[in-house]
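J.: Input: one structure, supplied below.
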């Protein structure tokens, strides 16, 4: 991709290929190696309050646990705070376009369809999940071979990719 897409991983790339994962990794390496955690997270420093989130992360899962013990039929038995905290760890490079469709599909198939059509859900949910994963994989392979092998199609694929970030979604800002 670096040879075929001009300006790949640069902030002014017109198609939105700005590589946010690379930028987050670079920022994290600067924080932990060049600046050092002592200058940022020790007492009296700017990010000192963030160190208390270790305590919050250790105590927070006990709240739904005890609420589930007190109210066993409530929705608290479905709350898993370590999973929620771990999921938010990927938000810096990801954006709403990565999380919102995932949350909507997850809510529909794991809550709505499971409650209203349990027999269908029990029979086809894992098959549907495998089909969706396979569909993404096959579409990536298809787009790769179309853009590499077919010179006439390559211009169309690149044209489609330049139309993707149009007015429907906004690209994440790089600061």
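The values are calculated or read from the model by the stated rules, or taken from the named source; none is laboratory data. Remember, it's a predicted structure, so these values are computed and weren't measured experimentally. Every residue, glycine as well, gets a Cβ built from its backbone with ideal geometry; the counts of neighbours run over all protein chains shown.
J.: If I filter segment 148-165 for residues that are under 25 Å from residue 3 (Cβ atoms), modelled with pLDDT under 60 and assigned to a loop (DSSP other than H, G, I, E, B), do I get at least one hit?
T.: Yes, some residue in segment 148-165 is under 25 Å from residue 3 (Cβ atoms), modelled with pLDDT under 60 and assigned to a loop (DSSP other than H, G, I, E, B).
J.: Going by the conditions given, is residue 40 over 25 Å from the mean Cα position of the chain (by Cα) and either modelled with pLDDT of 90 or more or not in a loop (DSSP other than H, G, I, E, B) (or both)?
T.: yes
J.: Given the criteria at pLDDT 90 or above, surrounded by 10 or more Cβ atoms within 10 Å (Cβ to Cβ), on the phi < 0 side of the Ramachandran plot and not in a loop (DSSP other than H, G, I, E, B), does residue 127 qualify?
T.: In short, no.
J.: Any residue in segment 129-144 that is free of Cβ contacts under 8 Å to residues at least 60 places away in the same chain sitting within a Cβ distance under 7 Å of a residue that is surrounded by 10 or more Cβ atoms within 10 Å (Cβ to Cβ)? List the pairs, counting only those 6 or more apart or interchain.
T.: 143/157
J.: Quickly run through segment 15-37 and pick out the residues that are surrounded by 12 or more Cβ atoms within 10 Å (Cβ to Cβ) and either modelled with pLDDT of 75 or more or touching a helix residue (DSSP H, G or I) at 6+ places or on another chain (Cβ under 9 Å) (or both).
T.: 15, 16, 17, 18, 31, 37
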